[in-house]
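Enquirer: Provided herewith is a single structure, encoded as structure tokens, for subsequent inquiry.
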Amino acid sequence: MRLRRLVAYSWLGLGLAASSWAQAPSFLRPFADEAGTPVGPVVNSISTYTGVYVLGHPTNIMGQVTSPASPGTILVGGIATDTGWYVTGQRSQAFVDYSLAYNGDAQFPQLGGFDHVLVFGAQTSLSPRMTLVLDGMGESMTYAGLLFEPSSSLLLAQQGGSSEQLGGAPSTNVLGTGEASSPVGLSLYGSRRRDAAIGTRLVFAKSPRTTWTVSTRFLRLLPASVEAGGVNASIAYGGVSQGIAMVGFTHSLSRRTELDGDFSYSRSYWMGRGVQVGSAQVGVGRDLSPHWFGRINAGYGGMTEFPGSLKVPYQGSVQGGASLGAKVGNSALVLSANRSVSDAYGLGASKSTGAQAAWVWQRPGGAWTVSGSVAYERLAGTVFALIQGWMGQVTVTRRLSRTLTLVALGAYATDSGAAGGDFAGLLRRGARLSLTWRPRGTN
């Protein structure tokens, strides 16, 4: 399952040097992992797991229940497999990766079922300086799988990348096509999340120091329904469709400093409404030491709603973010924060604020790995009350052999003001123990 999680990096913008940006094996996910480059059909992993999660009632100061009814403690168990097909040539690479899992729940069968995740990607060198990339994915996941998906910063830290990659931690929200959980997203979908995305990217290395990128992406977050007696009674979350176009550049000012910038335009539709957002920003990344790297970006964005009959005024705001990464000794650290003009969930928001922190410890060649993360997300200017949420995760991994690992994971999430969703306004806590076999092994 760890291999497919690298798909979350397709939209992060990791702040790589311009010369290596155009030559990266894949913008969707690396073709080489810890065990080398896969070729042809491959079984990446097979896992079995058992766990428990609790959907509880938060209370106000007077001790009164302030959330909808919840099923309480839920025991789950399941099995998962991840397979792929990989093709690597001199000028082109392509892959298809499919993950299938089954979560069983005897007490609440409606919360169990199959998880499906399909990921594909291809890239080709059109010329020595130009690379074309196509990637996409679709998923349908139960809540038993959603709750234990890591945050985007934890995903990045767990890969143990260079300090430059860690310092390029996401300074914008990564929404849709899962793999990385978000605090608000966990409350919107209820018992199952379904979404899909497809994107293209054209990368032109103008010189060893300067690279231009033109990209487009389409996201679809499908509606979530509240079920009553096996019949869809109402829509808990209406979903959203979003199209994004972006032009960006990176320029190496020196061996230690890189300048980047982008202009983007997006349109989002939901429930007969929509918004369009335009934004521009510039950023600077710098090596602070051999082990530390930081990045800061700032810009301006504006939003208007349509159709014009809504007569909603234009809303503009300064936006920006910062991130810091380090790889010191046996630890990797990622810190990031951002503020942007956006309404990616289709909840009538005008501004999104987020912050994440993740830490991973692993001794080289050692059998133990410990990691943890915390994430915060806040939507302001919505037609509802202020929407915000927290999410925390702790993972302990024990490598039993080159092919066998045991993973214990704990998760906690809560929100306030979230609109819709079966689990909006509930405390969400869970723990899971997994035994995973990777036939190709790990180094």
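The values are calculated or read from the model by the stated rules, or taken from the named source; none is laboratory data. Values in this document were obtained by computation on a predicted structure and should not be read as measured data. Cβ placement follows ideal geometry from the backbone for every residue including glycine, while neighbour counts extend to all protein chains displayed.
Enquirer: Over 26 Å from Gly238 (Cα atoms), at pLDDT below 85, buried (at least 20 other Cβ atoms within 10 Å of the Cβ) and in contact with a Ser or Thr (Cβ under 8 Å, 6 or more places away or on another chain) - does that describe any residue in segment 327-344?
Expert: yes
Enquirer: Answer yes or no: is there a residue in segment 221-229 that is crowded, with 19+ Cβ neighbours inside 10 Å and at pLDDT below 85.
Expert: Among the residues of segment 221-229, at least one is crowded, with 19+ Cβ neighbours inside 10 Å and at pLDDT below 85, which makes the answer yes.
Enquirer: Continuing with the same structure: Based on this model, can you work out whether Pro68 counts as surrounded by fewer than 18 Cβ atoms within 10 Å (Cβ to Cβ), touching a Gly at 6+ places or on another chain (Cβ under 8 Å), closer than 30 Å to Ser336 by Cα and modelled with pLDDT under 85? Walk me through it before giving the result.
Expert: On the way: surrounded by fewer than 18 Cβ atoms within 10 Å (Cβ to Cβ): yes; touching a Gly at 6+ places or on another chain (Cβ under 8 Å): yes; closer than 30 Å to Ser336 by Cα: no; modelled with pLDDT under 85: yes.
Against the criterion (surrounded by fewer than 18 Cβ atoms within 10 Å (Cβ to Cβ), touching a Gly at 6+ places or on another chain (Cβ under 8 Å), closer than 30 Å to Ser336 by Cα and modelled with pLDDT under 85), Pro68 does not qualify.
Enquirer: Return the only residue of Gly346, Gly316 being part of a strand (DSSP E or B) and within 25 Å of Leu219 (Cβ to Cβ).
Expert: Details: Gly346 fails: part of a strand (DSSP E or B).
Only one candidate qualifies: Gly316.
Enquirer: Consider only pairs whose beta carbons are under 9 Å apart and that are at least six residues apart or on different chains; among these, list those whose first residue lies in segment 356-377 and is surrounded by fewer than 13 Cβ atoms within 10 Å (Cβ to Cβ) and whose second residue is at pLDDT 90 or above and aromatic (Phe, Trp, Tyr).
Expert: Going by the 9 Å Cβ cut-off, the qualifying pairs are Trp368/Trp361.
Table: residues versus (1) buried (at least 16 other Cβ atoms within 10 Å of the Cβ); (2) within 24 Å of the chain's Cα centre (by Cα); (3) modelled with pLDDT of 90 or more; (4) of a type outside the set (Lys, Arg).
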| position | (1), (2), (3), (4) |
| --- | --- |
| Thr405 | yes, yes, yes, yes |
| Leu409 | yes, yes, yes, yes |
| Ala413 | yes, yes, no, yes |
| Phe423 | yes, yes, no, yes |
| Leu427 | yes, yes, no, yes |
| Gly430 | yes, yes, yes, yes |
| Leu433 | no, yes, yes, yes |
| Thr436 | yes, yes, yes, yes |
| Arg440 | yes, no, no, no |
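Enquirer: From the list Asp105, Asp33, Asp135, which one is of a type outside the set (Val, Ile, Thr), under 26 Å from Phe148 (Cβ atoms), surrounded by 14 or more Cβ atoms within 10 Å (Cβ to Cβ) and modelled with pLDDT under 75? Reasoning before the result, please.
Expert: On the way: Asp105 fails: modelled with pLDDT under 75; Asp135 fails: modelled with pLDDT under 75.
None of the other options fit; the residue is Asp33.
Enquirer: Would you be able to say whether some residue in segment 301-310 is in contact with an Asp or Glu (Cβ under 6 Å, 6 or more places away or on another chain), in a strand (DSSP E or B) and either surrounded by 21 or more Cβ atoms within 10 Å (Cβ to Cβ) or among the aliphatic types (A, V, I, L, M) (or both)?
Expert: Within segment 301-310, the first condition is being in contact with an Asp or Glu (Cβ under 6 Å, 6 or more places away or on another chain), and the residues that meet it are none.
Within segment 301-310, not a single residue is in contact with an Asp or Glu (Cβ under 6 Å, 6 or more places away or on another chain), in a strand (DSSP E or B) and either surrounded by 21 or more Cβ atoms within 10 Å (Cβ to Cβ) or among the aliphatic types (A, V, I, L, M) (or both).
Enquirer: For segment 250-276, what are the residues that are within 27 Å of Thr211 (Cα to Cα) and touching a Gly at 6+ places or on another chain (Cβ under 6 Å)?
Expert: First, pick out the residues of segment 250-276 that are within 27 Å of Thr211 (Cα to Cα): 250-267.
Glu258, Asp260, Asp262, Tyr265, Arg267 - these are the residues of segment 250-276 that are within 27 Å of Thr211 (Cα to Cα) and touching a Gly at 6+ places or on another chain (Cβ under 6 Å).
Enquirer: Given (1) surrounded by fewer than 19 Cβ atoms within 10 Å (Cβ to Cβ); (2) modelled with pLDDT under 80, where does Ile198 come up short, assuming only one miss?
Expert: Every listed condition holds for Ile198 apart from (2).
Conditions (1) modelled with pLDDT under 90; (2) within 25 Å of the chain's Cα centre (by Cα), marked per residue:
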| site | (1), (2) |
| --- | --- |
| Ile244 | no, yes |
| Phe249 | no, yes |
| Thr257 | no, no |
| Leu288 | yes, no |
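Enquirer: Looking at (1) closer than 30 Å to Ser279 by Cα; (2) modelled with pLDDT of 85 or more; (3) of a type in the set (Val, Ile, Thr), can you tell me which one Val394 breaks?
Expert: Val394 satisfies every listed condition except (1).
Enquirer: Test of understanding: among Val133, Val117, which residue is β-branched (Val, Ile, Thr), over 18 Å from the mean Cα position of the chain (by Cα) and either part of a strand (DSSP E or B) or within 23 Å of Ser371 (Cβ to Cβ) (or both)?
Expert: Values: Val117 fails: over 18 Å from the mean Cα position of the chain (by Cα).
Sole residue among the options that is β-branched (Val, Ile, Thr), over 18 Å from the mean Cα position of the chain (by Cα) and either part of a strand (DSSP E or B) or within 23 Å of Ser371 (Cβ to Cβ) (or both): Val133.
Enquirer: Modelled with pLDDT of 85 or more, surrounded by 20 or more Cβ atoms within 10 Å (Cβ to Cβ) and within 27 Å of Tyr189 (Cβ to Cβ), is that true of Gln281?
Expert: On the way: modelled with pLDDT of 85 or more: yes; surrounded by 20 or more Cβ atoms within 10 Å (Cβ to Cβ): yes; within 27 Å of Tyr189 (Cβ to Cβ): no.
In short, no.
Enquirer: Let me ask something additional. For segment 102-124, which residues satisfy the criterion of being in contact (Cβ under 8 Å) with a residue 60 or more places away in the chain and among the aliphatic types (A, V, I, L, M)? It would help to see each step written out before you state the result.
Expert: First pass over segment 102-124, keeping only residues in contact (Cβ under 8 Å) with a residue 60 or more places away in the chain: 110-111, 113, 117, 119, 121, 123.
Of everything in segment 102-124, those that are in contact (Cβ under 8 Å) with a residue 60 or more places away in the chain and among the aliphatic types (A, V, I, L, M) turn out to be Leu111, Val117, Val119.
Enquirer: What are the residue pairs meeting all of these: first residue in segment 276-304, first residue in contact (Cβ under 8 Å) with a residue 60 or more places away in the chain and farther than 26 Å from Gly348 by Cβ, second residue surrounded by fewer than 17 Cβ atoms within 10 Å (Cβ to Cβ) and polar (S, T, N, Q), Cβ atoms under 9 Å, and 6 or more apart or on different chains?
Expert: Gly285/Thr257; Asp287/Thr257; Phe293/Ser162
Here is a yes/no grid of residues against (1) at pLDDT 90 or above; (2) among the hydroxyl-bearing types (Ser, Thr, Tyr); (3) farther than 22 Å from Leu219 by Cα; (4) out of contact with any Pro (no Cβ under 7 Å at 6 or more places or on another chain):
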residue	(1), (2), (3), (4)
Leu118	yes, no, no, yes
Tyr143	no, yes, no, yes
Gly167	no, no, yes, yes
Asn173	no, no, no, yes
Gly176	no, no, no, yes
Glu179	no, no, no, yes
Arg192	no, no, no, yes
